[in-house]
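This report refers to the structure that appears directly beneath it.
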Amino acid sequence: NLETKKGLNWYDDSRAGRTKKQAEYEALRKAIMESFDTNNSGKIGKKEFVAALAAMKPPMGKKSALRLYNDITNGFGAISMAKLDGYLDKTAVSLAIQKYKKMKGSDRYIDPKEFVAYMEDEGLSSKKARTLFRKVDSNHDGRLRLKEFRDWASDNLRVKVIEQQFMDF
C-alpha cells in the first residue's frame, strides 16, 4: 500500500519529525519495490514498472511511465533499490533548489525575512520559522547559501518526491 500518512510536513526538522520522515521514506520505498517487483527478482523491470503505474489511480500513461523509468535507470538495466534511492535523492535536491530560487531575493542568499515569509506560506509560525532558520544556517552568518539550504531541504523532501512521482499523477 503506497498511501502516505497525512500531517507529515516536509520542513518538520524536529527529532520526532525527522524520525517520522525517515520511517515513512523507508516504508514507501520498500512498498514501491515490493508492489512493482511482481516476479520477486529484487529489481523492477521495464514491463513491471509500466504495468504497475498503469494500474494506479489515476493511471500513468505508457509514454510517461517509460520516461520516468529511463530517468530512474539512466537508460541502463532494471530499477534496483540503489537506483531508486539515487533518483529520489537527485529529485529531492532539484526540488530543494527550486524552493531556494523561489525564496531568495535579488542577491544570492536567503535572509531571515525571506525565509520566514516563505515558511509562513508553507504553514509554519514565524517563531518556529526563525528558530528553523538559525538551525539551517550552519555557518551562522545570518543568511543561507544554496548549499546550506539544499543540504537541509533535500533530506526533508524525499517523502514528498515519492508522493509526487508515485502517487499524485
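If the condition is being outside any helix (DSSP H, G or I) and among the hydrophobic types (A, V, I, L, M, F, W, C), then region 142-169 contributes 144, 167, 169.
Look at region 20-49 and say how many of its residues are among the hydrophobic types (A, V, I, L, M, F, W, C) and out of contact with any Phe, Trp or Tyr (no Cβ under 7 Å at 6 or more places or on another chain). Qualifying residue count, region 20-49: 5.
Identify the single condition in (1) more than 15 Å from the chain's Cα centre (by Cα); (2) open to solvent by 60 Å² or more (accessible area, probe 1.4 Å) that residue 98 does not satisfy, given that it satisfies every other one. The one condition residue 98 does not meet is (1).
Cβ separations smaller than 6 Å between residues 6+ apart or across chains give the following pairs from region 94-122 residues that are under 16 Å from residue 134 (Cα atoms) to residues that are of a type in the set (Gly, Ala, Ser) and modelled with pLDDT under 90: 114/105. The one condition from (1) under 30 Å from residue 31 (Cα atoms); (2) acidic (Asp, Glu); (3) without any contact (Cβ under 8 Å) to a residue 60 or more places away in the chain that residue 163 does not meet is (3).
In region 79-95, of all residues being open to solvent by 30 Å² or more (accessible area, probe 1.4 Å) and of a type in the set (A, V, I, L, M, F, W, C), the one that is farthest from residue 44 (Cα to Cα) corresponds to 93. Can you name every residue in region 92-110 that is in contact with a helix residue (DSSP H, G or I) (Cβ under 6 Å, 6 or more places away or on another chain) and over 13 Å from residue 150 (Cβ atoms)? Once the filter is applied, which keeps residues that are in contact with a helix residue (DSSP H, G or I) (Cβ under 6 Å, 6 or more places away or on another chain) and over 13 Å from residue 150 (Cβ atoms), region 92-110 yields only 105. Within region 118-140, can one find any residue that is open to solvent by 70 Å² or more (accessible area, probe 1.4 Å) and either closer than 30 Å to residue 32 by Cα or touching a strand residue (DSSP E or B) at 6+ places or on another chain (Cβ under 7 Å) (or both)? No; the residues of region 118-140 include none that is open to solvent by 70 Å² or more (accessible area, probe 1.4 Å) and either closer than 30 Å to residue 32 by Cα or touching a strand residue (DSSP E or B) at 6+ places or on another chain (Cβ under 7 Å) (or both).
The values are calculated or read from the model by the stated rules, or taken from the named source; none is laboratory data. These figures come from a predicted structure and were not determined experimentally. Using ideal geometry, Cβ is built from the backbone for each residue, glycine included, and neighbour counts are taken over all protein chains shown. Calculation scope for accessible area: heavy atoms of the full protein, side chains included, ligands and nucleic acids excluded. Shrake-Rupley method; radii C 1.70, N 1.55, O 1.52, S 1.80 Å.
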